[in-house]
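Just below is one structure, and these are the notes that go with it.
Bear in mind these aren't lab numbers, they're just calculated from the coordinates by the rules spelled out. Because the structure is predicted, anything quoted here is derived from the model rather than measured. Don't worry about glycine lacking a Cβ; one is built from the backbone with ideal geometry, like all the others, and counts go over all protein chains shown.
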Amino acid sequence: MQPDGSILFKNDQWNSITGGKAWGNNIFEMISSSSIPQFRSVLEQISSHPGNTAAINLELENPSGNSIIMPAEAFSYMENGQIKIMVMQVNKSEKDKLADRLFFSFENSNDVFYEFDILRKRYNYVSPACRELFGITPEQAMNTPPGSFEYMIHAEDYALVHNHFRTICKTPAHDRKNFFIRYRYFHSTQGLKWVIDRHTVFYDEQFQPCLIVGSIRDITASQLSQEKLQRDEKLFKGIIDNSPDLLLILDRQEKVRFVSSSVENIFGYKPDAIINMHPLQFMNKSAYDKMALALRELKQNSLPVTETEITLKNSKGNEVFTRARFVNYLNEPSAQSVLVVIQDITTQKKYDQQLKDSYANLQCIINNSDDPVWSMDTELKLIVFNQAFSDLIKMFFGFQPEKGQAIFDEIVARGYPDQTDCRNHFLSAMTGKKINFEKTYMHSSGEAIMYYTISPIFNAEGRITGASCIGKNITSIVKLNRTLTEQNEALIKANRELDRFVYSMSHDLRSPVASALGLVQIMELEAQDSGTIMHTSMLKKRLGRLDALIAGILDFIKQQKEPVKPEIIDLNWLIESLVESRGYKEEVPDMELVLNTRVDFPVITDLSKLTTVLENLISNAIKYRDNLKPRLKIIINAFSTSDETVIQVIDNGIGIADKHKEKIFDMFYRASSSVNGSGLGLYIVQENLRAMEGTIQVESKLNEGSVFTIRFKNHHP
Ligand code: ADP
């Protein structure tokens, strides 16, 4: 019952004494009113603490008014965190009372207690927990053949359970009486469950099994957590075994209690071989000394963790740099050990060293540069700089820069103009752009012009952490450039004036020469004596040459002024019409002209310039013909590609001596005085070709002939 008297459970005997099952939900309804106060105080007393007992005389009264006195014993106990009270008749034997108590506890237990009659193949008793554990009422279990519920057993455990019970039901008595079996079954609403069934077999007089008495306990929770533990253990072992770090557990005597399999990589021992060893047995002395130092520090100062770097020697005798962490579990009763985690940092060390070396190299390069080099972080504070930068700041602003300094603020603070332009260039470089700019400074010894290139600095994650800048003092270059430009402009002006002068001079000279020629012609008609006739003819020749010279100069100046006007040219037509119009055939009737043109791509250039070029080359070939040879032969070869046109003018003339070849393209240079000429022709040819983006070459052998090769660009629109 509960301390307030409400009844939770009554056995059949109680019902028979008090006369009827249905009757009586509260004890106070069943005892005589005179005994109520006494019973209430007894209840209060025993329910104050679990385990209290009291002897009482219960004066029970049934609805029909019959009353009996029942000597009884009441005791309190805890169930589900609540005090409950059991009242029992005392005239029972101690054994019966014990049986009652046991039975009571069976009925209230979470475990299922049972008694199975082997001969009858039926349960004699199944406790109420059956309902919760298997979802079957005790009555169902007792009234049906045991096989009815076999379908609930897990398929993998079915044979085990079946064989077990079959065996113990058939085996006559021997030493063993107690058995247990673990199995799984499917609960109709709660899913898979694990149970352990512990039981004892009783035998009859013929030593044949007759009863199985046992209890079944739900072990699902512990079984699952055990399975999880096993899984976790496997997982941790996997992690530890696959870890590149070496894990050691040392006990108080520094003996190895556990070692991970990576020990083989470093020391070449199998993990099992090291168990129970002292580190000195597999480590060199100096490595152990460092380890011992860290361990001592850990123990003496009760530190949770210590760390040190240890250089080990591996089984091949190579040095392995490691970082060792010692984790203190000495004060943990279940562990009483130190966990040592040894990490191989050899590669890291190597990289660190390489990094240091390359940094030193870089520093050396930067410092040896005469150009200022420096970098700034995103707050425009100096990160690194070289001597040249330091000198520059000193020269322009009179102070020595320092690392971490906000250099622009410092310049302004010292009264110099605001460096907003530079500041902005740096800031825009920090958005990821490369910036080039020029800046002029005025200082004590004059003007300085600097050319700066700023580039963003990216870190390993690709984030911009600042900008670096290289400066170049371009003062002298800029000044030189200025002078050159000035000189160039002056030259162009002088040249233009000279051109104008030559042009007007030639122009002005032409008319007096023309009149003089006219006068000479009259004189020629009037001359009588042979001396005057000869002199007049000489005068006419000289004047003719002068006129030709002036005409040549005028022509040249005019052509030079004209820009290239490209057009598609029919080479064959051009050459043929040239030969025709200049009357060469009349001049040298037996000359042989061979034209080999293979123009696969259109010739596109300035027609008038090309005409001048070809006219000069052909007329030279005729002019410098070799009269000792039977006939003059001129071959003109031409071919074109999409980019250029090549034309060769080949003659069998007098040829040019080697010493002249270099100079024949100079203005007024003449290599032969056998015929009249001004020495201007090849000069004009070369100048025209230059304007046409072309070149000229000569090959020649004295008395054999000459080859002039020109090539010029095809000006596609
Ligand atoms: P010019 O013909 O008026 O003398 P050019 O400039 O045309 O002037 O030629 C320069 C010199 O090159 C000529 O004086 C001549 O000696 C030489 N020369 C030019 N073309 C030929 C050629 N086809 N054969 C031999 N000599 C030549």
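Projecting the Cα atoms of Asn143, Val213, Thr200 onto the dipole axis of the range 109-247, where Lys and Arg carry +1 and Asp and Glu carry -1 at the beta carbon, places Asn143 farthest toward the positive end. Close amide-amide hydrogen proximity is noted between Lys633 and Glu592, Asn652, each under 5 Å apart and 5 or more residues distant or on a separate chain (H modeled in the peptide plane; Pro and chain starts excluded). According to the calculation over all Cα-Cα pairs in the range 444-534, the P(r) per 5 Å bin from zero is 3, 9, 8, 8, 7, 7, 6, 6, 6, 5, 5, 5, 4, 4, 4, 4, 3, 2, 2, 2, 1, 0 %. With the biggest extent put first, the Cα atoms of the range 1-146 measure 52, 36, 28 Å across the principal axes. Our coupling estimate for the range 393-406, obtained by passing each phi through the Karplus curve with A = 6.51, B = -1.76, C = 1.60 and θ = phi - 60°, is 4, 4, 5, 7, 10, x, 9, 8, x, 10, 4, x, 7, 7 Hz, Gly and Pro reported as x. One chain, two ends: Phe104 and Ser34. Fully extended at 0.36 nm per residue, the span grows by 22.2 nm beyond their Cα-Cα distance. Computing FRET efficiency as 1/(1 + (r/R0)^6) for Ser504 and Lys663, where r is the C-beta to C-beta distance and R0 is 41 Å, gives about 0.90.
Entry for the range 341-433 at q = 0.10, 0.19 Å⁻¹: log10 I(q)/I(0) = -0.39, -0.96, Debye formula applied to identical alpha-carbon scatterers, no solvent contribution. Expressed as a whole percent, how much of the Cα-Cα distance distribution for the range 501-561 exceeds 15 Å? In whole percent, the long-distance tail amounts to 54. Placing +1 on the Cβ of every Lys and Arg and -1 on the Cβ of every Asp and Glu, with no other charges, gives the range 37-167 a dipole of roughly 220 debye about its Cα centre. From its DSSP helices (H runs of at least four residues, each -39,500 (n - 2.57)), the chain gives a residue-normalised ellipticity at 222 nm of -13000 deg cm²/dmol. Under the rule of at least 5 residues apart or a separate chain, name every residue whose amide H is placed under 5 Å from the amide H of Ile474. Hits under the 5 Å cutoff: Ile449, Met450, Tyr451. For the range 485-641, the share of DSSP beta bridges that are antiparallel, to the nearest 5, is 35%. Summarising the label geometry, the points placed 7 Å from Cα in the beta-carbon direction at Arg631 and Met523 lie 4.2 nm from one another.
Residues in the range 473-513, backbone N under 19 Å from the label point at Glu447 (7 Å along the Cα-to-beta-carbon vector): list them, ranges by number please. Of the residues in the range 473-513, 473-490 have backbone N under 19 Å from the label point off Glu447.
Only one residue of His507, Ile604, Gln686 has its Cα farthest out toward the positive end of the dipole of the chain, where Lys and Arg carry +1 and Asp and Glu -1 on Cβ, and that residue is Gln686.
Considering Cα pairs under 8 angstrom that are at least six residues apart, work out the relative contact order of the chain and quote it in whole percent. Across the chain, relative contact order equals 4 percent. When you work out D = kT/(6 pi eta Rh) for the range 518-614 at 10 °C and 1.306 mPa s, using the Kirkwood radius from C-alpha pairs as Rh and the Stokes-Einstein form, the result is 92 µm²/s. Packing around the peptides 116-128, 437-449, taken as the average count of other Cβ atoms within 10 Å per residue, puts them in this order, highest first: 116-128, 437-449. A crude spin-label estimate for the pair Arg496 and Asn178, with each label 7 Å from Cα along the Cβ direction, gives 12.6 nm.
When the P(r) of the range 80-212 is calculated, the portion above 22 Å amounts to 47% of the C-alpha pairs. Assuming a strict under-30 Å limit between Cα atoms, what lysine pair count do you get for the range 75-180 once near-sequence pairs (fewer than 8 apart, same chain) are dropped? For the range 75-180, the number of qualifying lysine pairs is 9. Counting only Cα atoms, the size of the range 209-266 along its three principal axes is 65, 26, 20 Å, in decreasing order. Sites listed here are trypsin sites (Lys or Arg not before Pro) in the range 568-667 whose DSSP assignment is loop and whose Cβ has at most 15 other Cβ atoms within 10 Å: Arg582, Arg631, Lys663.
Against the chain, whose longest principal axis is taken from its Cα atoms, helix 155-170 shows a tilt of about 20°. Annotation: aspartates and glutamates with alpha-carbon distance below 14 angstrom to Lys270 (same-chain offsets under eight excluded): Asp241. Pairs of Lys residues in the range 339-489 that lie 8 or more places apart, or on two chains, and have C-alpha atoms under 20 angstrom apart add up to 12. Compared with the direct C-alpha span, the chain from Leu574 to Val478 gains 29.6 nm at full extension, assuming 0.36 nm per residue.
Here the ratio of the Cα radius of gyration of the range 532-576 to 2.2 N^0.38 Å is 1.90. Whole-Hz Karplus values for the range 526-539 come out as 8, 5, 10, 7, 5, x, 5, 4, 5, 5, 5, 5, 4, 4 Hz, taken residue by residue from phi with 6.51 cos²θ - 1.76 cosθ + 1.60 and θ = phi - 60°; glycine and proline positions read x. Step through the table entries Lys540/Lys609; Lys290/Lys316; Lys493/Lys713; Lys558/Lys701, compare each Cα-Cα distance with 28 Å, and write down the pairs that go over it. Pairs exceeding 28 Å: Lys540/Lys609; Lys493/Lys713; Lys558/Lys701. For the range 618-669, the alpha-carbon coordinates run over 41, 30, 18 Å along the three principal axes, in decreasing order.
Annotation: Cα Rg of the range 174-319 relative to the compact-globule expectation 2.2 N^0.38 Å equals 1.80. Each Lys and Arg adds +1 at its Cβ and each Asp and Glu adds -1 at its Cβ; summed about the Cα centre, the range 450-527 shows a dipole of about 680 debye.
Using every pair of separate Cα atoms, the Kirkwood estimate puts the hydrodynamic radius of the chain at 42.4 angstrom. Compared with the dominant Cα axis of the chain, that is its longest principal axis, helix 285-300 is turned about 50°. Listed by chain and number, the lysines whose C-alpha is less than 17 Å from the C-alpha of Lys585, apart from same-chain residues fewer than 8 away, are Lys623, Lys633. Applying 1/(1 + (r/R0)^6) with r as the Cβ-Cβ distance of Ser390 and Thr311 and R0 = 25 angstrom yields a FRET efficiency of 0.05. The charge dipole of the range 481-609, taken about its Cα centre with unit charges on the Cβ atoms of Lys, Arg (+1), Asp and Glu (-1) only, comes to about 580 debye.
Taking the 0 to 90 degree range and rounding to the nearest ten, how far is the long axis of helix 346-368 tilted relative to the main principal axis of the chain, both from C-alpha atoms? Long axis of 346-368 versus the principal axis of the chain: about 30 degrees.
Approximating the spin labels as points 7 Å out from Cα along Cα→Cβ, the Ser581-to-Ala413 distance works out to 8.2 nm. Across the range 471-478, coupling constants 3J(HN,Hα) worked out from phi with the 6.51/-1.76/1.60 Karplus curve, θ = phi - 60°, read x, 9, 7, 10, 3, 5, 5, 4 Hz, and Gly and Pro carry x.
When we measure straight from the Cα of Lys661, which aspartates and glutamates land under 13 angstrom away, once same-chain ones fewer than 8 places off are left out? Straight-distance partners of Lys661: Glu699.
The residue list Ile239, His164, Ser188 was ranked by how far each Cα lies along the charge dipole of the range 157-239 toward its positive end, using unit charges on Cβ atoms, and Ile239 comes out on top. In this calculation the C-beta distance from Asn80 to Tyr151 is compared with R0 = 41 Å, giving a FRET efficiency of 0.80. Take the range 557-648, drop everything but the C-alpha atoms, weight them equally and run the Debye formula without solvent; then report log10 I(q)/I(0) at 0.10, 0.11, 0.21 Å⁻¹ to two decimals. Here the Debye-derived log intensity ratios amount to -0.30, -0.36, -1.09.
If you take the alpha carbon atoms of the range 271-374 and fit the smallest convex hull around them, that volume is 157 Å³ per residue.
Over the range 655-707, the pair-distance histogram of Cα-Cα distances with 5 Å bins from zero comes to 5, 19, 25, 28, 16, 6, 1 percent, rounded to whole numbers. Annotation: amide H of Phe399 within the under-5 Å range of Lys394, sequence separation 5 or more or interchain, hydrogens built in the peptide plane.
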